[in-house]
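The values are calculated or read from the model by the stated rules, or taken from the named source; none is laboratory data. All figures in this text were calculated on a predicted structure; none of them were measured in a lab. Neighbour counts run over all protein chains shown; Cβ positions are idealised from the backbone, glycine included.
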Amino acid sequence: MQETPKPTKAILTRLKSSLDLPKNIINDIQASFPNALVIFPGDYKKILLFPRQISRVLWVRLEMSSKALQQDFFLAISKLIESLELKAIYTTGICFQGAYCTWEGFFDDLPQITAKDLETEFRKVATVQKVEITILEVA
């Protein structure tokens, strides 16, 4: 029998250095997920929170010239993610910043591949000029 989906919950709260989330929501999340990936996109118009079982996340940031960006980029990225068996948590899509574009992806950490190897693989994607790999760990 299929479980009934839980309804969406929302709060409006004062923004301060520490956000208080309702205890019942935190308890529900912690029952299945001890950690959370929190992403603050550059415009700060939203905060993304992804409950996670894992304690390490790979953050991949690619930079390329907006003039060199082609549809092949998206196909190449998709194929690479699939071939590396990366499990995507969130990707930003392309963000244009003047003459440059950035693409970011957050992935469950894979113990079988190093950050250096990941950087090497992403550098192979045509048009990519800069690759940054950051490993986020629960403090």
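Going by the conditions given, is residue 135 surrounded by fewer than 16 Cβ atoms within 10 Å (Cβ to Cβ) and closer than 21 Å to residue 41 by Cα?
The answer is yes for residue 135.
Just name the residue that is modelled with the lowest pLDDT out of those in the range 82-102 that are hydrophobic (A, V, I, L, M, F, W, C) and touching a Phe, Trp or Tyr at 6+ places or on another chain (Cβ under 8 Å).
Once the filter is applied, the top-ranked residue is 95.
Pairs needed: first member in the range 113-139, among the aromatic types (Phe, Trp, Tyr); second member anywhere, at pLDDT 95 or above; C-beta distance under 6 Å; at least 6 residues apart or different chains.
Between residues of the range 113-139 that are among the aromatic types (Phe, Trp, Tyr) and residues that are at pLDDT 95 or above, the close pairs are 122/131.
Quick one: in the range 104-119, of everything that is acidic (Asp, Glu) and assigned to a helix (DSSP H, G or I), which residue is farthest from residue 132 (Cα to Cα)?
So, considering only residues that are acidic (Asp, Glu) and assigned to a helix (DSSP H, G or I), the one farthest from residue 132 (Cα to Cα) is 117.
Mind checking which residues of the range 40-59 are more than 12 Å from residue 108 (Cβ to Cβ) and surrounded by 11 or more Cβ atoms within 10 Å (Cβ to Cβ)?
Scanning the range 40-59 gives 41, 47, 48, 49, 51.
Among the residues of the range 86-93, is there at least one that is in contact with a helix residue (DSSP H, G or I) (Cβ under 7 Å, 6 or more places away or on another chain) and of a type outside the set (D, E, K, R)?
Yes: the range 86-93 contains one or more residues that are in contact with a helix residue (DSSP H, G or I) (Cβ under 7 Å, 6 or more places away or on another chain) and of a type outside the set (D, E, K, R).
Checking the structure you have, find out if any residue of the range 95-110 is out of contact with any helix residue (DSSP H, G or I) (no Cβ under 8 Å at 6 or more places or on another chain), polar (S, T, N, Q), buried (at least 17 other Cβ atoms within 10 Å of the Cβ) and farther than 18 Å from residue 50 by Cβ.
Yes, there is a match, as at least one residue in the range 95-110 is out of contact with any helix residue (DSSP H, G or I) (no Cβ under 8 Å at 6 or more places or on another chain), polar (S, T, N, Q), buried (at least 17 other Cβ atoms within 10 Å of the Cβ) and farther than 18 Å from residue 50 by Cβ.
Can you tell me which residue within the range 69-87, out of those that are of a type in the set (Gly, Ala, Ser) and exposed (fewer than 13 other Cβ atoms within 10 Å of the Cβ), is farthest from residue 59 (Cα to Cα)?
Among those residues, the one meeting the criterion is 83.
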